[in-house]
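Take a look at the structure below.
The values are calculated or read from the model by the stated rules, or taken from the named source; none is laboratory data. Note that the coordinates shown come from a computational prediction; the quantities given were computed from them, not determined experimentally. Neighbour counts run over all protein chains shown; Cβ positions are idealised from the backbone, glycine included. Remember, those area values only see protein heavy atoms, side chains included, never the ligands or the DNA or RNA. Shrake-Rupley method; radii C 1.70, N 1.55, O 1.52, S 1.80 Å.
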Amino acid sequence: MRTRRTARVIIAAFAGVLLAGSMAACGNSDTGGDSGGDDKLVLGFSQVGAESGWRTANTTSIKEAAAAAGIELKFDDAQQKQENQIKAIRNFIQQKVDVIAFSPVVESGWDTVLKEAKDAGIPVILTDRAVDSADKTLYKTFLGSDFVKEGRLAGEWLVEQTKGASGPVNIVELQGTTGSAPANDRKEGFAKAIAANPNLKIVASQSGDFKRADGKQVMEQFLKANPDIDVLFAHNDDMGLGALEAITAAGKVPGKDITIITIDAVKDGMQALADGKFNFIAECSPLLGPQLMELAKKVEAGEEVPARIETEETTFTQEQAKAALPSRKY
Ligand code: GYE
C-alpha cells in the first residue's frame, strides 16, 4: 500500500538518485529497479453483482486489467444491494486503499459515503454507472457509456422500421434495475426518440432487474395482459433472452411476431440476433478494465483527468451480428 503520495514521490526520487549514484560508481548491472510488492497501487473496487453477461464480462475485464497493470485489486461483489456497496466502500476507507472505484447499483444516496472517502483523502472513480450527487467534487471522474444515447439509438431504429405503418405499434418495455442510471437513461432516450410518432405506444413498462429469470417472468405477465404486442424493448440482452422463452411458450415467434430490440451486445445476445430471434441491439461495452487502471494510476498521482470519459459504441442489425459474432470476445 502507498501511504502518502508526496512521501512516495520523494522516496522514488531519492531511490532514483541512489540508483544513479550506485550505477555511476560501480557500473553494477543489478539495479533492482522494481521497488517491490509494497509499492503496488491498491484499488478497492465495488462491483454491482453478477446479474448479466455484461456484468461477468466487465468483472473479467477489470480483474485482468488490474493484474496486467500491476495493481492490487480488492474486489467486492455487492449482489445488487446498495447497502453492501456502502459497506464495501467503508471497508476500503478503513483499509486505506489508494483509490476506490465502484459501479453504483442505483443513482441516488451516495453523498454521505462519498464524503467519507473524500475526507479520508481517497480519490473515487465512478465506472459504468453514474450517481446523481450535486457535488461533483465527491468523485474524480466517470468512465462508462452514454445510456441515453443507447436508448435513443434503439428508438430511432424502431421509428425507421415502422415508417409508413398506419396502425398502432404496441411496445412493451423491460426496464433495468429500478433507480439505476442505465434503466433511467435508456428509458428516457427511447421515449424521446419515439415521441414524435403517436402510433408508437408503450403499452406496458416494468423492471426485470437486468436478469434473465426476471425478464422471462415479466414478459409472461405482459403477454397475458396484452394480446397484441408488436415490439419488445429490453434494457439489456439478458432480459431479452429470458423473454424469448416466454414468447415461444406463448406460441409466438420471436423476431417475427414480436420485434425485439435490446442493449449490450454480449455473445448470447449477438447469437440470438444472428439467429433472427432478436432484431436490433445497441451496443454497450463492458471492457472498461484497461481505461479504469490508467485512470486509477493518474488520480493516485494527483494528475488531472477529464470529468467524463465515454466508451465508443455501435449498433447491430441481424446481418451485422452474423459478421461480428466469430470475433466477438464476450
Ligand atoms: O447493460 C446490464 C448490466 O450498467 C451498463 O448493467 C450496465 C448494465 C448492463 O446488468 O446488462
Using protein chains only and a probe of 1.4 angstrom, how many square angstrom of residue 192 are accessible, to the nearest 10?
140
Counting DSSP beta bridges with both ends in the chain, the antiparallel % (nearest 5):
5
So, with +1 on the Cβ of K and R and -1 on the Cβ of D and E, and no other charges, what is the size of the charge dipole of the chain about its Cα centre, to the nearest 20 debye?
240
Tell me, what is the 1.4 Å probe accessible area of residue 257, in Å² to the nearest 10?
80
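Report in % the part of the accessible area of segment 147-284 that belongs to carbon and sulfur, leaving out ligands and nucleic acids; probe 1.4 Å.
49
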From highest to lowest solvent-accessible area (probe 1.4 Å; ligands, DNA and RNA excluded), 150, 294 read 294, 150
Compute from the Cα atoms of segment 211-252 the Rg and the Dmax, the latter being the longest Cα-Cα distance, and quote both in angstrom.
9.1, 24
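Lys and Arg at +1, Asp and Glu at -1: add these up for the other residues within a Cβ distance under 12 Å of residue 295 and post the number. Walk me through the numbers before you get to the answer.
On the way: positive: 140, 297, 298, 308; negative: 294, 300, 303, 304.
Neighbourhood net charge equals 0.
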Using a 1.4 angstrom probe on the protein heavy atoms only, line up 148, 99 by accessible area, largest first.
148, 99
Once 54, 157 are ranked on solvent-accessible area with the largest value leading and a 1.4 Å probe, the list reads 157, 54
Calculated [θ] (222 nm, deg cm²/dmol) that DSSP helices of n ≥ 4 give over the chain, each run adding -39,500 (n - 2.57):
-14000 deg cm²/dmol
Where does the chain land on Rg(C-alpha)/(2.2 N^0.38 Å)?
1.18
Using +1 on the beta carbon of Lys and Arg, -1 on that of Asp and Glu, and nothing else charged, what's the dipole of segment 147-284 about the Cα centre, debye to 20?
220
How much accessible area per residue does the chain have, in Å², with a 1.4 Å probe?
46
Computed about the Cα centre, the charge dipole of segment 237-330 from +1 Lys/Arg and -1 Asp/Glu charges at the Cβ has a magnitude in debye, to the nearest 20, of 340
